[in-house]
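These notes are about the structure you will find just below.
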Amino acid sequence: MTIQWFPGHMTKARRQIEEKLKLIDVVIELLDARIPLSSRNPMVDEILKGKPRLVLLNKNDLADPQVTAEWVKYFADQGLPALPIDAANGTHVKEILPRVKQLWAHKIETMLRKGINPRAIRALIVGIPNVGKSTLINQLAGKKIAATGDKPGVTKGQQWIKVGTEMDLLDTPGILWPKFEDQMVGMRLAATGAIKEELLHLDDVALFTIKYMVQHYGAGIQERFGVQELPDDMDNIQEMVKVMEAIGRKRGAIVSGGKVDLDKASLIIIRDLRAGKMGRISLERPF
Ligand code: G4P
């Protein structure tokens, strides 16, 4: 099934973000550390128009730390500071404010030189649905969560969230979709749970996952599922299906007649991947 990516969705979100950008000092772009480019809105550079930006690689608890380090370098090479975090557990979340302040330091210095007391930095969090924006905002705001009220020119109801006294946060206005019409991007998004797996065929997503795992994380499959023999030929679908069947058999996904229930096996594979049960897995690399 081909997924459609409607530019109309983007036009609306783009307009909503552009409207807010006038009030914003720094943008915090939240990506999924396991699939940084696939979880990125493809028009984000154009929309943000050179605003100072901090990239956060979220869900790093589930990502391969070595690959994440490569991504940090990839973004640094593009002039974008990137920080791996785990918003759910709060890991490295405390480093966000100092990093945002660094991006705004020149303005703060100017204000101080002029004898003006610097106001709180205004940051906009952007990210595709499910990347962890709400989780991060709750972590950043902690128990002191308080709306600072509408700022002039902002639609009523768009609340600013206070992060201590030094930063005010705004969530993505509108929905910033990933570009999931590219089949590989769609597979990565479905495997990680960023889009509903029903949008694609479940067994296709599981097959994609298994193929990637065999190629890069063979030991993860062997340890988790006790599958000893892994195929050498990545393009041999039959061999990959055999791995899925072996997993299904191990986990009791059997239908009458002793055949493996591939739908059930697919679900097991995808759930285990998302829960990090096969180890820390990245499904995209910067090369
Ligand atoms: P959004 O606002 O960007 O749409 O995303 P949201 O915060 O709702 O997070 C989406 C899902 O991702 C949530 O899981 C959340 O717990 C999980 N999540 C967010 N940050 C992290 C992280 O750093 N690591 C991990 N492992 N998970 C993270 P959920 O299944 O929808 O809900 P629940 O598991 O919290 O019940």
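The values are calculated or read from the model by the stated rules, or taken from the named source; none is laboratory data. Being a predicted model, the structure only gives us computed values, none of them experimental. With ideal geometry, Cβ positions are generated from the backbone for all residues, glycine too; neighbour counts draw on all protein chains shown. The protein model used for the area step is the full one, side chains on, heavy atoms only, and it has no ligands, DNA or RNA in it. Shrake-Rupley method; radii C 1.70, N 1.55, O 1.52, S 1.80 Å.
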A convex hull over the alpha carbons of segment 29-99 yields, per residue, a volume in Å³ of 85 Å³
Gaussian network model of the chain, Cα within-10 Å springs - most flexible of Asp25, Asp182, Asp77: Asp77
Given labels modelled 7 Å from the Cα in the Cβ direction, how far is it in nm from Gln159 to Ile108? 2.7 nm
Cα-Cα P(r), the chain, percent of pairs per 10 Å interval: 6, 26, 30, 20, 11, 5, 1, 0, 0
Between Glu95 and Ser256, what is the label-to-label distance in nm when each label sits 7 Å out along the Cα-to-Cβ direction? 5.7 nm
Roughly what % antiparallel, to the nearest 5, for the DSSP beta bridges in the chain? 25 percent
Taking a probe of 1.4 angstrom, what is the accessible area of Lys114 in Å², to the nearest 10? 150 Å²
When the accessible area of the chain is computed with all protein chains present and a 1.4 Å probe, what percentage of it is carbon and sulfur? 52 percent
Spin-label point model (7 Å from Cα, Cβ direction): what's the Leu80 to His201 distance in nm? 3.4 nm
Full extension from Leu21 to Ala120: what is 0.36 nm times the residue separation minus their Cα-Cα distance, to one decimal in nm? 34.1 nm
Most to least accessible of Ile254, Ile161 (protein chains only, probe 1.4 Å): Ile254, Ile161
